[in-house]
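Enquirer: Below are the C-alpha coordinates for one structure; questions will follow.
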Amino acid sequence: MTVRLFARLRELAGAGELVLEVAAPATVADVWAALAAAHPAVAPYERTMSCAVNEEYARLTTGVRAGDDVAFLPPVSGGAGASDA
Amino acid sequence: MTVPMIAVTGAVLEVAPLAALVSTASSGRPGPGALTTFVGLVRDHHQGREVTHLEYEAYVPLAEKALARILAEAAAEWPDARLAIHHRTGRLGIGEASVVIAAASPHRADAYAASRYAIERIKQIVPVWKHEYFAGGDAWVEGATADPDDEAARAAALAIARG
(Lines give C-alpha, C1' and ligand atoms only; values in the text may rest on other atoms or scores of the structure.)
Protein backbone atom coordinates (compact mmCIF):
# COMPACT_ATOMS: atom_id res chain seq x y z
CA MET A 1 0.00 0.00 0.00
CA THR A 2 1.41 3.38 -0.96
CA VAL A 3 0.62 6.10 1.56
CA ARG A 4 0.94 9.77 0.63
CA LEU A 5 1.22 12.48 3.26
CA PHE A 6 1.10 16.23 2.83
CA ALA A 7 2.11 19.41 4.61
CA ARG A 8 2.38 19.01 8.40
CA LEU A 9 1.54 15.30 8.26
CA ARG A 10 4.40 14.81 5.79
CA GLU A 11 6.78 16.58 8.16
CA LEU A 12 5.61 14.62 11.22
CA ALA A 13 6.13 11.28 9.48
CA GLY A 14 9.36 12.42 7.86
CA ALA A 15 8.26 11.29 4.39
CA GLY A 16 5.75 12.31 1.75
CA GLU A 17 5.40 8.80 0.45
CA LEU A 18 5.83 5.52 2.23
CA VAL A 19 4.87 1.89 1.82
CA LEU A 20 2.90 0.12 4.56
CA GLU A 21 1.92 -3.51 4.87
CA VAL A 22 -1.71 -3.85 5.90
CA ALA A 23 -3.45 -7.22 6.18
CA ALA A 24 -6.44 -7.77 3.87
CA PRO A 25 -9.32 -7.13 4.00
CA ALA A 26 -8.58 -3.58 5.03
CA THR A 27 -10.14 -0.14 5.20
CA VAL A 28 -8.61 3.32 5.19
CA ALA A 29 -8.95 3.24 8.99
CA ASP A 30 -6.64 0.21 9.09
CA VAL A 31 -4.08 2.04 6.96
CA TRP A 32 -4.25 5.04 9.29
CA ALA A 33 -3.77 2.75 12.30
CA ALA A 34 -0.68 1.22 10.69
CA LEU A 35 0.65 4.68 9.90
CA ALA A 36 0.04 5.94 13.44
CA ALA A 37 1.73 2.83 14.85
CA ALA A 38 4.81 3.46 12.73
CA HIS A 39 4.75 7.24 13.21
CA PRO A 40 2.95 8.09 16.49
CA ALA A 41 3.49 11.82 15.91
CA VAL A 42 0.66 11.83 13.34
CA ALA A 43 -1.93 10.50 15.83
CA PRO A 44 -3.33 13.93 16.87
CA TYR A 45 -4.56 14.39 13.29
CA GLU A 46 -6.95 11.44 13.51
CA ARG A 47 -9.94 13.71 14.17
CA THR A 48 -9.16 16.45 11.64
CA MET A 49 -7.54 14.77 8.65
CA SER A 50 -9.22 13.81 5.39
CA CYS A 51 -8.36 10.82 3.27
CA ALA A 52 -8.28 9.86 -0.39
CA VAL A 53 -7.96 6.57 -2.23
CA ASN A 54 -6.56 6.51 -5.76
CA GLU A 55 -6.87 10.30 -6.06
CA GLU A 56 -10.52 10.50 -4.97
CA TYR A 57 -11.80 11.66 -1.59
CA ALA A 58 -12.69 8.66 0.58
CA ARG A 59 -13.95 7.78 4.07
CA LEU A 60 -12.25 5.88 6.89
CA THR A 61 -14.65 3.03 6.11
CA THR A 62 -13.62 2.86 2.44
CA GLY A 63 -12.13 -0.51 1.54
CA VAL A 64 -8.59 -0.67 0.18
CA ARG A 65 -6.65 -3.33 -1.69
CA ALA A 66 -2.99 -4.05 -2.25
CA GLY A 67 -1.59 -1.57 -4.73
CA ASP A 68 -4.04 1.19 -3.81
CA ASP A 69 -2.77 4.70 -3.32
CA VAL A 70 -3.99 6.09 0.02
CA ALA A 71 -3.49 9.73 0.99
CA PHE A 72 -3.97 11.49 4.32
CA LEU A 73 -4.58 15.22 4.26
CA PRO A 74 -4.35 17.69 7.14
CA PRO A 75 -6.94 20.51 7.19
CA VAL A 76 -6.59 22.52 3.99
CA SER A 77 -5.64 26.18 3.62
CA GLY A 78 -5.80 27.10 -0.04
CA GLY A 79 -7.28 30.23 -1.54
CA ALA A 80 -6.46 33.70 -0.39
CA GLY A 81 -6.04 33.15 3.35
CA ALA A 82 -7.31 30.60 5.82
CA SER A 83 -9.88 32.63 7.67
CA ASP A 84 -9.61 36.32 7.03
CA ALA A 85 -9.42 36.64 3.23
CA MET B 1 -1.47 27.53 -26.10
CA THR B 2 -4.84 26.52 -24.76
CA VAL B 3 -5.60 27.92 -21.33
CA PRO B 4 -7.34 25.34 -19.12
CA MET B 5 -10.44 26.26 -17.10
CA ILE B 6 -8.74 24.86 -14.01
CA ALA B 7 -5.11 24.54 -13.06
CA VAL B 8 -2.91 23.94 -10.02
CA THR B 9 0.43 25.21 -11.16
CA GLY B 10 3.85 26.40 -10.13
CA ALA B 11 3.78 29.01 -12.89
CA VAL B 12 3.08 32.69 -12.17
CA LEU B 13 -0.67 33.31 -12.46
CA GLU B 14 -2.02 35.66 -15.10
CA VAL B 15 -5.47 37.23 -15.00
CA ALA B 16 -5.99 38.20 -18.64
CA PRO B 17 -5.96 34.69 -20.17
CA LEU B 18 -8.57 33.48 -17.67
CA ALA B 19 -10.70 36.55 -18.23
CA ALA B 20 -10.57 35.98 -21.99
CA LEU B 21 -11.35 32.31 -21.55
CA VAL B 22 -14.62 32.81 -19.65
CA SER B 23 -15.83 35.90 -21.49
CA THR B 24 -15.51 34.50 -25.00
CA ALA B 25 -18.97 33.94 -26.41
CA SER B 26 -19.83 30.35 -27.23
CA SER B 27 -22.75 28.88 -29.10
CA GLY B 28 -25.65 27.47 -27.14
CA ARG B 29 -25.44 29.89 -24.22
CA PRO B 30 -26.25 33.55 -23.68
CA GLY B 31 -23.31 35.84 -24.33
CA PRO B 32 -21.55 37.50 -21.39
CA GLY B 33 -22.53 40.93 -20.11
CA ALA B 34 -20.33 40.95 -17.02
CA LEU B 35 -16.89 39.69 -16.06
CA THR B 36 -15.43 39.56 -12.55
CA THR B 37 -11.89 38.62 -11.67
CA PHE B 38 -10.78 37.78 -8.15
CA VAL B 39 -7.10 37.59 -7.31
CA GLY B 40 -5.89 36.37 -3.94
CA LEU B 41 -2.57 37.94 -2.95
CA VAL B 42 0.06 36.91 -0.44
CA ARG B 43 -0.34 39.18 2.59
CA ASP B 44 2.61 40.70 4.43
CA HIS B 45 1.10 39.92 7.82
CA HIS B 46 -0.91 37.20 9.54
CA GLN B 47 -2.06 37.13 13.17
CA GLY B 48 0.22 39.99 14.09
CA ARG B 49 3.32 38.46 12.51
CA GLU B 50 5.29 39.86 9.63
CA VAL B 51 5.22 37.32 6.81
CA THR B 52 8.31 37.12 4.59
CA HIS B 53 7.02 34.59 2.04
CA LEU B 54 4.79 31.54 1.64
CA GLU B 55 5.00 28.09 0.20
CA TYR B 56 1.88 26.39 -1.13
CA GLU B 57 1.88 22.61 -1.28
CA ALA B 58 -0.85 20.75 -3.18
CA TYR B 59 -2.02 17.24 -3.89
CA VAL B 60 -2.25 18.24 -7.53
CA PRO B 61 -4.43 15.51 -9.10
CA LEU B 62 -6.99 15.68 -6.29
CA ALA B 63 -6.82 19.49 -6.17
CA GLU B 64 -7.65 19.67 -9.88
CA LYS B 65 -10.56 17.28 -9.38
CA ALA B 66 -11.81 19.40 -6.47
CA LEU B 67 -11.62 22.53 -8.64
CA ALA B 68 -13.55 20.70 -11.37
CA ARG B 69 -16.15 19.79 -8.79
CA ILE B 70 -16.47 23.44 -7.76
CA LEU B 71 -17.02 24.42 -11.40
CA ALA B 72 -19.74 21.78 -11.69
CA GLU B 73 -21.41 22.91 -8.45
CA ALA B 74 -21.34 26.53 -9.62
CA ALA B 75 -22.73 25.54 -13.02
CA ALA B 76 -25.66 23.87 -11.29
CA GLU B 77 -26.40 27.03 -9.28
CA TRP B 78 -25.69 29.63 -11.98
CA PRO B 79 -26.14 27.85 -15.32
CA ASP B 80 -25.35 30.91 -17.44
CA ALA B 81 -22.11 31.76 -15.59
CA ARG B 82 -18.70 30.54 -16.80
CA LEU B 83 -15.92 30.11 -14.31
CA ALA B 84 -12.18 29.47 -14.50
CA ILE B 85 -9.85 28.95 -11.54
CA HIS B 86 -6.07 28.71 -11.32
CA HIS B 87 -4.24 28.09 -8.03
CA ARG B 88 -0.52 28.62 -7.57
CA THR B 89 1.88 26.25 -5.82
CA GLY B 90 5.45 26.59 -4.61
CA ARG B 91 7.21 29.60 -3.15
CA LEU B 92 5.40 32.94 -3.37
CA GLY B 93 6.63 36.36 -2.35
CA ILE B 94 4.52 39.09 -0.73
CA GLY B 95 1.96 40.50 -3.15
CA GLU B 96 2.12 37.59 -5.58
CA ALA B 97 -1.14 36.02 -6.78
CA SER B 98 -2.03 32.75 -5.05
CA VAL B 99 -5.35 32.20 -6.79
CA VAL B 100 -7.20 33.70 -9.75
CA ILE B 101 -10.92 33.26 -10.34
CA ALA B 102 -12.55 34.63 -13.48
CA ALA B 103 -16.34 34.54 -13.82
CA ALA B 104 -18.49 35.76 -16.68
CA SER B 105 -22.26 35.81 -16.96
CA PRO B 106 -25.02 37.63 -18.86
CA HIS B 107 -25.74 39.76 -15.77
CA ARG B 108 -23.32 40.80 -13.03
CA ALA B 109 -25.11 39.22 -10.08
CA ASP B 110 -24.34 35.69 -11.24
CA ALA B 111 -20.67 36.42 -11.98
CA TYR B 112 -20.15 37.95 -8.53
CA ALA B 113 -22.01 35.10 -6.82
CA ALA B 114 -20.23 32.30 -8.70
CA SER B 115 -16.85 33.89 -7.99
CA ARG B 116 -17.59 34.27 -4.28
CA TYR B 117 -18.89 30.73 -4.09
CA ALA B 118 -15.71 29.45 -5.74
CA ILE B 119 -13.31 31.07 -3.28
CA GLU B 120 -15.35 29.87 -0.29
CA ARG B 121 -15.39 26.30 -1.65
CA ILE B 122 -11.67 26.41 -2.48
CA LYS B 123 -10.96 27.10 1.17
CA GLN B 124 -13.20 24.17 2.16
CA ILE B 125 -12.32 21.31 -0.16
CA VAL B 126 -9.23 21.90 -2.33
CA PRO B 127 -6.17 20.03 -0.98
CA VAL B 128 -3.72 22.93 -0.90
CA TRP B 129 -1.71 23.88 2.18
CA LYS B 130 -0.14 27.18 3.07
CA HIS B 131 3.23 27.19 4.82
CA GLU B 132 3.92 30.63 6.21
CA TYR B 133 7.40 31.96 6.83
CA PHE B 134 7.85 34.95 9.10
CA ALA B 135 10.58 36.70 11.01
CA GLY B 136 11.81 34.09 13.48
CA GLY B 137 9.93 31.00 12.33
CA ASP B 138 7.42 29.26 10.15
CA ALA B 139 4.03 27.59 10.52
CA TRP B 140 1.54 25.55 8.54
CA VAL B 141 -1.84 27.24 8.29
CA GLU B 142 -4.66 24.76 8.78
CA GLY B 143 -8.25 25.65 7.98
CA ALA B 144 -11.04 23.25 7.13
CA THR B 145 -11.17 19.47 7.25
CA ALA B 146 -11.80 18.78 3.57
CA ASP B 147 -15.06 16.92 2.98
CA PRO B 148 -16.77 17.56 -0.36
CA ASP B 149 -19.90 15.75 0.85
CA ASP B 150 -20.35 18.03 3.86
CA GLU B 151 -23.64 19.65 2.83
CA ALA B 152 -23.58 22.12 5.73
CA ALA B 153 -20.28 23.53 4.50
CA ARG B 154 -21.61 23.73 0.95
CA ALA B 155 -24.75 25.48 2.17
CA ALA B 156 -22.61 27.96 4.10
CA ALA B 157 -20.60 28.77 0.95
CA LEU B 158 -23.83 29.20 -0.99
CA ALA B 159 -25.27 31.52 1.65
CA ILE B 160 -22.16 33.73 1.51
CA ALA B 161 -22.26 33.75 -2.30
CA ARG B 162 -25.90 34.81 -2.37
CA GLY B 163 -25.26 37.50 0.22
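Enquirer: Just the residues that are touching a strand residue (DSSP E or B) at 6+ places or on another chain (Cβ under 7 Å) and either without any contact (Cβ under 8 Å) to a residue 24 or more places away in the chain or within 25 Å of B:ALA34 (Cβ to Cβ) (or both), please, taken from region B:127-145. Explain how you work it out, then say what you get.
Expert: We begin by selecting, within region B:127-145, every residue touching a strand residue (DSSP E or B) at 6+ places or on another chain (Cβ under 7 Å); these are B:127-135, B:138-141, B:143-145.
Residues satisfying the conditions are B:ASP138, B:ALA139, B:TRP140, B:GLY143, B:ALA144, B:THR145.
Enquirer: To continue, here is another question. As an exercise: evaluate B:ALA156 against (1) more than 8 Å from every other protein chain (Cβ to nearest Cβ); (2) crowded, with 24+ Cβ neighbours inside 10 Å; (3) small (Gly, Ala, Ser); (4) over 27 Å from B:THR24 (Cβ atoms) and give the number of the one condition it does not meet.
Expert: (2)
Enquirer: Consider B:GLU142 against the criteria (1) open to solvent by 10 Å² or more (accessible area, probe 1.4 Å); (2) at pLDDT 95 or above: it satisfies all of them except one. Which criterion is unmet?
Expert: Answer for B:GLU142: the failing condition is (2).
Enquirer: Still on this structure, please answer the following. So, of the residues in region A:19-42 that are of a type in the set (A, V, I, L, M) and within 11 Å of the chain's Cα centre (by Cα), which turns out to be surrounded by the fewest Cβ atoms within 10 Å (Cβ to Cβ)? Spell out how you get there, then give the answer.
Expert: Taking region A:19-42 as the starting set, the residues that turn out to be of a type in the set (A, V, I, L, M) are A:19-20, A:22-24, A:26, A:28-29, A:31, A:33-38, A:41-42.
Going one step further and asking which of them are within 11 Å of the chain's Cα centre (by Cα), we end up with A:28-29, A:31, A:33-36, A:42.
Values: A:VAL28: 22, A:ALA29: 15, A:VAL31: 23, A:ALA33: 17, A:ALA34: 17, A:LEU35: 23, A:ALA36: 17, A:VAL42: 21.
Only one residue tops the list, namely A:ALA29.
Enquirer: So which residues in region A:43-60 are at the interface with chain B (Cβ under 9 Å from one of its Cβ atoms) and of a type in the set (Asp, Glu)?
Expert: Across region A:43-60, the qualifying residues are A:GLU55, A:GLU56.
Enquirer: Yes or no: B:TYR112 of a type in the set (Phe, Trp, Tyr) and either within 14 Å of B:VAL22 (Cβ to Cβ) or free of Cβ contacts under 8 Å to residues at least 24 places away in the same chain (or both)?
Expert: On the way: of a type in the set (Phe, Trp, Tyr): yes; either within 14 Å of B:VAL22 (Cβ to Cβ) or free of Cβ contacts under 8 Å to residues at least 24 places away in the same chain (or both): yes.
In short, yes.
Enquirer: So, one more: Could you list, in sequence order, all residues of region B:1-51 that are more than 19 Å from B:ALA66 (Cβ to Cβ) and of a type in the set (S, T, N, Q)?
Expert: Residues satisfying the conditions are B:THR2, B:SER23, B:THR24, B:SER26, B:SER27, B:THR36, B:THR37, B:GLN47.
Enquirer: Additional query: Any residue that is within 12 Å of the chain's Cα centre (by Cα) and either closer than 30 Å to A:ARG8 by Cα or among the polar types (S, T, N, Q) (or both) - is there at least one of those in region B:49-62? Don't jump to the end; show me each part of the working.
Expert: Filtering region B:49-62 for residues within 12 Å of the chain's Cα centre (by Cα) gives none.
No - not one qualifying residue is present in region B:49-62.
Enquirer: Do you know which of the residues in region A:46-81 that are assigned to a loop (DSSP other than H, G, I, E, B) and of a type in the set (A, V, I, L, M, F, W, C) is surrounded by the fewest Cβ atoms within 10 Å (Cβ to Cβ)?
Expert: Filtering region A:46-81 for residues assigned to a loop (DSSP other than H, G, I, E, B) gives A:48-49, A:54-55, A:59-62, A:65-68, A:74-75, A:77-81.
The next check asks that each one be of a type in the set (A, V, I, L, M, F, W, C); those that pass are A:49, A:60, A:66, A:80.
On the way: A:MET49: 21, A:LEU60: 15, A:ALA66: 9, A:ALA80: 20.
Result: A:ALA66.
Enquirer: Then there's this: Hey, which of the strands (runs of 3 or more DSSP E) in region B:82-123, taking only ones fully inside, have at least 3 residues that are open to solvent by less than 10 Å² (accessible area, probe 1.4 Å)?
Expert: The qualifying strands (runs of 3 or more DSSP E) are B:82-88, B:97-105.
Enquirer: Let me ask another. If only one of A:PHE6, A:PHE72 is aromatic (Phe, Trp, Tyr) and more than 9 Å from chain B (Cβ to nearest Cβ), which one is it?
Expert: Numbers: A:PHE6 fails: more than 9 Å from chain B (Cβ to nearest Cβ).
A:PHE72 is the lone residue from the list that is aromatic (Phe, Trp, Tyr) and more than 9 Å from chain B (Cβ to nearest Cβ).
Enquirer: A further question follows. Please go through region B:62-84 and pick out each residue that is of a type in the set (A, V, I, L, M, F, W, C), touching a strand residue (DSSP E or B) at 6+ places or on another chain (Cβ under 7 Å) and within 10 Å of chain A (Cβ to nearest Cβ).
Expert: Selection gives B:LEU62, B:ALA63, B:LEU67.
Enquirer: So, one more: Would you confirm whether any residue within region B:48-58 is within 9 Å of chain A (Cβ to nearest Cβ) and either of a type in the set (A, V, I, L, M, F, W, C) or more than 17 Å from A:GLY78 (Cα to Cα) (or both)?
Expert: Of all residues in region B:48-58, those within 9 Å of chain A (Cβ to nearest Cβ) come to B:56-58.
Next, only the ones that are either of a type in the set (A, V, I, L, M, F, W, C) or more than 17 Å from A:GLY78 (Cα to Cα) (or both) stay: B:58.
The answer is yes, given that some residue of region B:48-58 is within 9 Å of chain A (Cβ to nearest Cβ) and either of a type in the set (A, V, I, L, M, F, W, C) or more than 17 Å from A:GLY78 (Cα to Cα) (or both).
Enquirer: So how many residues does region A:14-32 have that are among the small types (Gly, Ala, Ser) and in a helix (DSSP H, G or I)? Spell out how you get there, then give the answer.
Expert: Step one: list which residues in region A:14-32 are among the small types (Gly, Ala, Ser), which gives A:14-16, A:23-24, A:26, A:29.
Adding the requirement that they be in a helix (DSSP H, G or I) leaves A:29.
Within region A:14-32, residues that are among the small types (Gly, Ala, Ser) and in a helix (DSSP H, G or I) number 1.
Enquirer: For region B:40-96, what are the residues that are without any contact (Cβ under 8 Å) to a residue 40 or more places away in the chain and basic (Lys, Arg)? Can you show your working first?
Expert: Taking region B:40-96 as the starting set, the residues that turn out to be without any contact (Cβ under 8 Å) to a residue 40 or more places away in the chain are B:45, B:47-48, B:61, B:65, B:72, B:75-76, B:78-79, B:81, B:91.
Of everything in region B:40-96, those that are without any contact (Cβ under 8 Å) to a residue 40 or more places away in the chain and basic (Lys, Arg) turn out to be B:LYS65, B:ARG91.
The values are calculated or read from the model by the stated rules, or taken from the named source; none is laboratory data. What you see is a predicted model, and the numbers here were worked out from it, not measured in a lab. As a convention, Cβ positions derive from the backbone with ideal geometry for all residues, glycine included, and neighbour counts pool all protein chains shown. Keep in mind that these areas ignore ligands, DNA and RNA; they rest on the heavy atoms of the full protein, side chains included. Shrake-Rupley method; radii C 1.70, N 1.55, O 1.52, S 1.80 Å.
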